[in-house]
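The values are calculated or read from the model by the stated rules, or taken from the named source; none is laboratory data. In this text, all values refer to a predicted model and were calculated from it rather than measured experimentally. A quick note on method: Cβ atoms are made from the backbone with ideal geometry, for glycine too, and the neighbour counts reach across all protein chains shown.
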Amino acid sequence: PLVNIRAGQFFLSIADLWIYLCPERNHLELSRNKLRLIEGLTFQGLSSLEVLKLQRNNISKLTDGAFWGLARMRVLHLDYNSLREVNSGSLYGLESLLQLYLSNNSISNFNPEGWGFCERLRELNLSYNNLTKLSEGGFSKLVNLNSLRLGHNSISHITEGAFRGLSSLRTLELDHNDISGTIEDTNGAFTGLENLNKLTLFGNKIKSVAKKAFSGLEALEHLNLGENAIRSIQPEAFSKMKNLHIQSDSFLCDCQLHWFPEWLVTRGLKAGVQATCAHPESLKGTSINQAPSQSFVCDDLPKPQITVHPVTTAAVLGKDVRLTCTAASSSSSPMTFTWLKDQETLRQAEVENFAHVRASDGGVMEYTTILHLRHVTFNHEGRYQCIISNHFGSSYSNRARVTVNVLPSFVKTPRDITIRTGTKARLECAAEGHPTPQVAWQKDGGTDFPAARERRMRVMPDDDVFFIMDVKPEDMGVYSCTAKNTAGMISANVTLTVLETPHLAQEMEDRNVVVGETVALQCKALGSPPPRITWLKGEEPLRPSDRHYFTPGNQLLVIGSTTLEDAGRYTCVMSNTLGTERAHCQLNVYQRFEECAPFSSPSTVTVGIIVIAVVTSIVVTSLVWVCIIYQTRKKSEECSVNTGACFHTVCICSAFILIYFLHKSFIYNLCPCLLQMRQLSLLMSPVTCPLRALYQRDRTCAYGWSPMVDLNPTDA
């Protein structure tokens with residue numbers, strides 16, 4: 001017997017191997033030897049070979065290119081060996097292969113890309129191996145496959161899309177596996193098999209058939225569910241079936257199955273279904289075809305009913321997670337609990353199970369199972385599902401997704417900044433976590449950024465930098481950088497201090513007061529840091545006293561009971577770390593005259609009375625003057641020319657004398673103090689200035705009408 005075949009050795013012993021060749025010389029059989037390894041290029045030179053049999057050896061590995069040169073190979077037998085996998089390069093060069101037999105090996109996985117070298121394959125036999133799961137797209141390269149045999153494996157889960165691309169498949173054998181949830185809890189496992197005609201699920205662990213368990217199998221005619229302990233079938237599960245085979249003695253003959261016997265008769269499938277009832281007790285052992293239709297009732301809950309489903313959870317790395325699942329049942333049948341992760345059974349999970357009587361119904365028990373995930377890592381991420389089963393069936397919970405997150409942590413933390421106005425502020429903040437945290441900024445607890453409103457803000461998301469251009473005092477404040485993801489949020493604060501030289505918010509004003517009054521001098525200074533304010537009179541510092549008061553911050557100087565000595569130049573000195581600025585104002589203090597005390601602060605009514613009196617005197621004087629002129633002209637017509645002229649002259653002189661004494665007696669004798677008041681000087685000027693021009697020949701008053709604050713009663 002052959003022990004090994006190495007490249008090149010085959011040609012040296014071709015005569016010895018001739019007996020294995022068929023007469024057609026296109027068949028080679030090397031079965032029942034002790035071959036353990038087939039290396040690359042082993043069969044180079046046998047380009048005409050069409051059938052190769054390597055059965056019942058001890059081949060455990062096919063190296064890449066093991067069958068290179070067999071481009072015309074149509075049939076390859078590798079069954080009854082010790083192969084553990086089919087790698088990506090094992091079948092390289094078998095572009096004409098139609099039939100591949102790999103049954104009775106120890107294959108537990110295969111590389112889907114490996115099927116790409118034999119895309120013309122029509123029959124594939126992988127039965128009697130150690131396959132446990134069919135993953136999505138596992139056979140998508142075999143677009144011409146007609147028959148796929150996967151019986152007698154340990155397949156318990158078929159992922160949605162596992163048969164995608166097998167549109168030509170006509171026969172699919174899945175008998176004697178561990179399939180249950182694929183049929184009981186629909187997940188679209190048979191999508192893509194629109195031309196499948198025959199499906200065998202004989203001898204699996206199927207207890208119930210979901211309504212859409214065979215959705216996508218539009219052409220399915222033959223279905224074998226024999227030797228499955230099927231308890232229930234949902235309506236329309238076999239809507240297009242032409243040949244149905246079911247064997248079970250465990251049917252739950254309740255109201256949910258009322259439709260099934262009549263449907264079998266209508267479709268002519270009664271002969272292929274050999275099923276007897278296991279519940280209720282009155283129908284136990286009775287064929288479903290012979291049970292009275294009125295006996296299919298729902299009086300209890302023998303099959304578990306899920307009442308509490310596990311909840312999708314976002315866990316923090318390193319923390320513990322609990323998933324809870326509860327079901328109710330009226331049956332005393334033993335209950336089993338199973339947890340799945342991504343459709344695969346958790347073999348070594350920490351599970352806590354307990355039962356209690358439902359408070360609202362003493363005849364119903366509630367069963368709870370709790371899955372504990374300790375110190376979760378990223379390996380715990382996935383979709384979890386619980387299955388609660390008893391003799392009458394299984395109930396599947398919703399799938400709960402568990403995601404593992406990492407709290408954000410800063411990799412760049414912002415720092416306090418002190419900066420001058422007009423320059424650029426740069427704030428850095430970056431964080432890491434899972435999922436990637438979102439970084440955001442706030443100012444003083446809000447999102448109102450003066451720099452953003454004025455388009456002076458720049459955010460660089462790729463560089464984790466936040467810029468403020470042309471910094472202004474209003475940009476000063478506390479900025480918060482927050483990093484947030486589904487695990488939580490962290491924040492860091494940074495203070496932006498803007499430095500600004502001292503300056504006045506509004507100019508200082510000169511002030512005029514009367515002796516004894518109170519006056520306030522304001523120096524409203526701005527700057528950052530806030531400037532320190534000191535006051536000078538002349539060049540001497542001012543200190544608080546009985547008459548000198550300072551408001552907090554020294555922005556207001558209050559002088560009470562002013563005296564003539566308080567008059568002068570006052571200086572406000574504003575200082576901070578950036579420099580010192582000065583501002584000035586003048587304080588004028590005027591003497592209060594005693595004789596005018598009653599009129600020192602004349603009211604509006606008093607001033608009005610005085611004005612009316614003055615105007616009245618002028619009007620009366622003018623009327624007298626008009627009367628005198630009128631009488632003089634009248635008399636002149638009656639007298640002679642000389643006499644009239646003389647009388648006219650006398651009248652004129654008399655009128656001037658009368659006007660003079662009326663003004664003089666009123667202005668100087670009745671109220672001499674009014675002419676010394678600044679408040680009435682301008683008001684009196686239009687009246688008194690002409691008199692001064694007349695009596696004193698005062699050109700300044702005559703031409704400029706200057707205020708008459710310097711008139712005295714003795715000016716006459």
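Values computed for the structure shown
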| item | result |
| --- | --- |
| Pairs where the first residue, in region 39-51, is of a type in the set (Asp, Glu) and the second is in a loop (DSSP other than H, G, I, E, B), C-beta under 7 Å, 6+ apart | Glu39/Arg6; Glu39/Ala7; Glu39/Thr63; Glu39/Ala66; Glu50/Asn26; Glu50/Arg72; Glu50/Met73; Glu50/Arg74 |
| Some residue of region 209-217 being part of a loop (DSSP other than H, G, I, E, B), more than 21 Å from Gly393 (Cα to Cα) and touching an Asp or Glu at 6+ places or on another chain (Cβ under 7 Å) | yes |
| Filter result (at pLDDT 90 or above and in contact with a Leu (Cβ under 6 Å, 6 or more places away or on another chain)) within region 274-291 | Cys277 |
| Near pairs, Cβ below 7 angstrom, 6+ apart or cross-chain, from region 306-326 (at positive phi) to any residue that is surrounded by fewer than 17 Cβ atoms within 10 Å (Cβ to Cβ) and not in a strand (DSSP E or B) | Gly318/His375 |
| Answer residue from region 103-153, given it is loosely packed, with under 15 Cβ neighbours inside 10 Å, in contact with a Ser or Thr (Cβ under 6 Å, 6 or more places away or on another chain) and acidic (Asp, Glu) and is farthest from Gly188 (Cα to Cα) among those | Glu113 |
| Selection from region 614-630 of residues that are surrounded by fewer than 14 Cβ atoms within 10 Å (Cβ to Cβ) and polar (S, T, N, Q) | Thr616, Ser622 |
| Residue list for region 37-59, restricted to those being part of a loop (DSSP other than H, G, I, E, B) and at pLDDT 90 or above | Leu49, Glu50, Leu54, Gln55, Arg56, Asn57, Asn58, Ile59 |
| Residues within region 209-226 that are polar (S, T, N, Q) and closer than 21 Å to Asn153 by Cα, tallied | 1 |
| Residues of region 389-434 satisfying the condition of being under 30 Å from Ala229 (Cβ atoms), modelled with pLDDT under 90 and part of a loop (DSSP other than H, G, I, E, B) | His391, Phe392 |
| Pairs with Cβ under 6 Å, 6+ apart, first in region 169-182 and assigned to a helix (DSSP H, G or I), second modelled with pLDDT under 95 | Thr182/Ile158; Thr182/Ala189 |
| Any hit, region 427-446, residues being free of Cβ contacts under 8 Å to residues at least 24 places away in the same chain, farther than 25 Å from Asn405 by Cβ, surrounded by fewer than 16 Cβ atoms within 10 Å (Cβ to Cβ) and not assigned by TED's automatic domain parsing to the domain that holds Phe378 | yes |
| Number of the exception - Val459 against (1) of a type in the set (A, V, I, L, M); (2) part of a strand (DSSP E or B); (3) surrounded by 15 or more Cβ atoms within 10 Å (Cβ to Cβ) | (3) |
| Residue check for Thr368: part of a strand (DSSP E or B), touching a residue at least 60 places away in the same chain (Cβ under 8 Å), in the same structural domain as Gln343 (by TED's automatic domain parsing) and surrounded by fewer than 21 Cβ atoms within 10 Å (Cβ to Cβ) | yes |
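A quick yes/no check of all residues on (1) small (Gly, Ala, Ser); (2) assigned to a loop (DSSP other than H, G, I, E, B); (3) farther than 23 Å from Gly137 by Cα:
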site: Gly188; (1), (2), (3): yes, yes, no
site: Glu194; (1), (2), (3): no, yes, no
site: Glu227; (1), (2), (3): no, yes, yes
site: Ile230; (1), (2), (3): no, yes, yes
site: Ala278; (1), (2), (3): yes, no, yes
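Residue by residue, here is whether (1) modelled with pLDDT under 90; (2) surrounded by fewer than 21 Cβ atoms within 10 Å (Cβ to Cβ); (3) in contact with a strand residue (DSSP E or B) (Cβ under 8 Å, 6 or more places away or on another chain) holds:
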position	(1), (2), (3)
Leu223	no, no, yes
Phe238	yes, no, yes
Gln247	yes, yes, yes
His258	yes, yes, no
Ser293	yes, yes, no
Lys303	yes, no, yes
His309	no, yes, yes
Lys319	no, yes, no
